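The values are calculated or read from the model by the stated rules, or taken from the named source; none is laboratory data. All values reported here derive from a predicted model rather than from experimental measurement. Because the Cβ atoms are built from the backbone with ideal geometry, glycine has one as well, and the counts that use them run over all protein chains shown. The protein model used for the area step is the full one, side chains on, heavy atoms only, and it has no ligands, DNA or RNA in it. Shrake-Rupley method; radii C 1.70, N 1.55, O 1.52, S 1.80 Å.
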Amino acid sequence: MSNAFYSHHVFFCCNQRPPGDRTCCNDKGATRLRDYAKQRVKELKLAGPGKVRINQAGCLDRCEQGPCVVIYPEAVWYSYANEADVDEIIEKHLVGGQPVPRLMIKPDAPR
């Protein structure tokens, strides 16, 4: 039995850089989509201790592939574009236990 407080901890990069600086996830809608994911997880009754926790993170240093999210304990990284992608991650990974290969960021992808 795991003594983890959550079954899955989901970190959305919501970093915001100054205009003209390196790209950032928040320029690609990360905060809005994090809020969407948080609401969907609550609606599906997946939120809370022993379940799923959606969190905002500062820069995860993968913004060029972003917006990005990482899910622990599996340490699976995703890039997503819209609510449908977030829904697919929730349904397949968080509920079904299966990664979503088409949205995964490859470990060797440039940063």
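Our coupling estimate for segment 79-94, obtained by passing each phi through the Karplus curve with A = 6.51, B = -1.76, C = 1.60 and θ = phi - 60°, is 10, 9, 10, 7, 4, 4, 5, 4, 4, 5, 5, 5, 5, 7, 7, 6 Hz, Gly and Pro reported as x. A crude spin-label estimate for the pair Asp21 and Gln56, with each label 7 Å from Cα along the Cβ direction, gives 1.6 nm.
Over the chain, what is the percentage of antiparallel beta bridges among all DSSP beta bridges, to the nearest 5?
Numbers: 9 of 16 bridges.
Taking every DSSP beta bridge within the chain, about 55 percent pair in antiparallel fashion.
Straight-line cross-link partners of Lys42 among the lysines, defined as a Cα under 28 Å from its Cα and at least 8 positions apart when in the same chain: Lys28, Lys51, Lys92.
Label positions at Val95 and Glu64, each projected 7 Å from the Cα along the C-beta direction, are separated by 3.6 nm.
For segment 4-42 versus segment 45-76, the spacing of their alpha-carbon centroids is 8 Å. Applying 1/(1 + (r/R0)^6) with r as the Cβ-Cβ distance of Met104 and Ala84 and R0 = 22 angstrom yields a FRET efficiency of 0.85.
Can you give the accessible area per residue of the chain, in Å², using a 1.4 Å probe? Intermediate values should be presented prior to the final figure.
Numbers: 6200 Å² over 111 residues.
That works out to 56 Å² per residue.
Determine the share of segment 1-81's accessible area contributed by carbon and sulfur atoms, expressed in whole percent, with a 1.4 angstrom probe. With neighbouring chains kept in place, the figure for segment 1-81 is 53 percent. The Rg/Rh ratio for the chain is 0.96, where Rg is the radius of gyration of the alpha carbons and Rh is the Kirkwood radius.
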